[in-house]
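The values are calculated or read from the model by the stated rules, or taken from the named source; none is laboratory data. Computed from a prediction, not measured in an experiment: that's the story for all the values here. Counting neighbours? That spans all protein chains shown, and the Cβs are built from the backbone with ideal geometry, glycine included. Side chains included, ligands, DNA and RNA excluded: accessible areas come from the protein's heavy atoms. Shrake-Rupley method; radii C 1.70, N 1.55, O 1.52, S 1.80 Å.
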Amino acid sequence: MSAKNLSIDEAAINLQDECLVVIPTETVYGLAGLATSDIAIAKIYHAKRRPNFNPLIIHVLDVQQADRYVYLNEDAKALADKLWPGPLTLILEKKPEAGLSPLLSCGLTTVGVRCPQHQKTLDLIKKVGIPIAAPSANLSTQLSPTSVDQLNPDLINLTSGFIDGGSCEIGIESTILDLTEEVPTILRPGAISQQDIEKIIDKPIKSFSGHVDENIPHKSPGLQKKHYAPDIPIRLNALSKNSGEAFLAFGQTPQEIGCDLNLSETGNLLEAASNLFRYLFLLDKPHYTGIAVMPIPQHDLGIAINDRLIRAASKD
Ligand code: TXA
Ligand code: MG
């Protein structure tokens with residue numbers, strides 16, 4: 001890959017010049033542009049080949065910076081206080097005069113905000129002094145990268161380069177919580193669970209429904225069924241391997257199968273999440289007919305892992 005490995009200072013200058021930079025976070029790598037620049041935001045949509053009805057989230061240094069751009073209600077303040085920096089994106093009403101590019105939010109009055117737990121990216125936001133818009137740094141519908149070697153050359157060529165922050169610790173995108181309705185609702189499951197949130201705000205919230213109504217694009221616009229997809233087909237809940245398939249195991253594997261990769265031999269969901277996109281990326285090779293994935297338990301981070309796997313396996 002000929003893309004440039006940038007220092008934080010170089011990345012900051014490029015962002016201020018309305019160019020794009022790939023940034024590390026604790027979840028997945030992001031394709032970053034200045035959140036106040038129409039030009040930068042248009043470049044993000046172009047580079048990702050992202051449909052223009054799918055809004056971007058912004059990354060802030062801290063709750064004080066968030067407060068300049070969105071209305072923080074009591075739940076938002078309590079959650080940010082306890083869980084930021086961390087893998088939680090809050091959907092909140094925008095402050096209309098604050099200067100965020102209107103292209104970010106595709107005509108919505110709301111915006112997703114998160115404070116990422118990665119020191120290099122926090123240093124970058126501090127240096128730039130303005131929030132950074134960043135969707136995951138994959139082409140639309142492809143797998144999200146969790147290390148720089150997974151970056152798509154077509155996408156990286158449209159940026160000034162990347163900041164190398166190593167392997168993403170969590171490996172799966174942030175939990176998205178909509179705080180603009182009467183009852184807070186999880187729009188995308190991630191490492192912060194429903195229970196983590198309910199404990200902090202001390203009231204029940206709506207869990208992730210798993211159901212995406214394509215007729216209501218405004219609530220979870222990026223959550224079309226097909227997403228995070230490798231090029232070859234995925235077969236879920238596999239207990240055996242068909243001829244030609246790669247076998248992606250979780251926990252103990254029946255010896256006769258011979259797994260190609262194991263998300264976590266000890267059945268640890270944190271480890272499995274951090275390996276998920278990297279292993280799908282490694283097995284997504286034309287000499288396999290598909291990837292058979294063993295069942296993942298539907299609790300804790302397993303909910304987010306299964307959500308991504310169902311989308312990866314979806315044909316539409
Ligand atoms: O972990 C993450 O959240 C990563 C890292 C880079 O921070 N970012 C990420 O961004 O996953 P993206 O764009 O790939 O996913 C954000 C999701 C999209 O599905 C988008 O539709 C949804 O958030 N979203 C953005 N703004 C929204 C809004 N105002 N209301 C509802 N959903 C929104
Ligand atoms: Mg994404």
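Values computed for the structure shown
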item	result
Candidate set: segment 265-297, residues that are assigned to a helix (DSSP H, G or I) and of a type in the set (A, V, I, L, M); chosen: the one farthest from LYS241 (Cα to Cα)	LEU270
Hits in segment 29-45 - residues which are open to solvent by 10 Å² or more (accessible area, probe 1.4 Å), in contact (Cβ under 8 Å) with a residue 60 or more places away in the chain and of a type outside the set (Lys, Arg)	LEU34, THR36, ASP38, ALA42
Condition met for LYS225 (more than 20 Å from THR27 (Cα to Cα), within 16 Å of ligand 2 (Cβ to nearest atom) and modelled with pLDDT under 95)	yes
Tally, over segment 1-28, of residues that are outside any loop (DSSP other than H, G, I, E, B) and open to solvent by less than 10 Å² (accessible area, probe 1.4 Å)	6
Failed item, numbered, when GLU173 is tested on (1) open to solvent by 30 Å² or more (accessible area, probe 1.4 Å); (2) in contact (Cβ under 8 Å) with a residue 12 or more places away in the chain; (3) of a type in the set (D, E, K, R)	(1)
Some residue of segment 146-154 being open to solvent by less than 10 Å² (accessible area, probe 1.4 Å), closer than 25 Å to ILE305 by Cα, within 14 Å of the chain's Cα centre (by Cα) and near ligand 1 (Cβ under 10 Å from one of its atoms)	no
Tally, over segment 101-134, of residues that are in contact (Cβ under 8 Å) with a residue 60 or more places away in the chain, in a loop (DSSP other than H, G, I, E, B), surrounded by fewer than 24 Cβ atoms within 10 Å (Cβ to Cβ) and not hydroxyl-bearing (Ser, Thr, Tyr)	5
Qualifying positions in segment 41-65 - more than 21 Å from ASN152 (Cβ to Cβ), out of contact with any strand residue (DSSP E or B) (no Cβ under 8 Å at 6 or more places or on another chain) and part of a loop (DSSP other than H, G, I, E, B)	PHE53, LEU61, ASP62
Output for segment 280-316, where each listed residue is open to solvent by 80 Å² or more (accessible area, probe 1.4 Å) and charged (D, E, K, R)	ASP300, LYS315, ASP316
Residue within segment 167-181 that is out of contact with any Gly (no Cβ under 6 Å at 6 or more places or on another chain) and farther than 21 Å from LEU88 by Cβ present	no
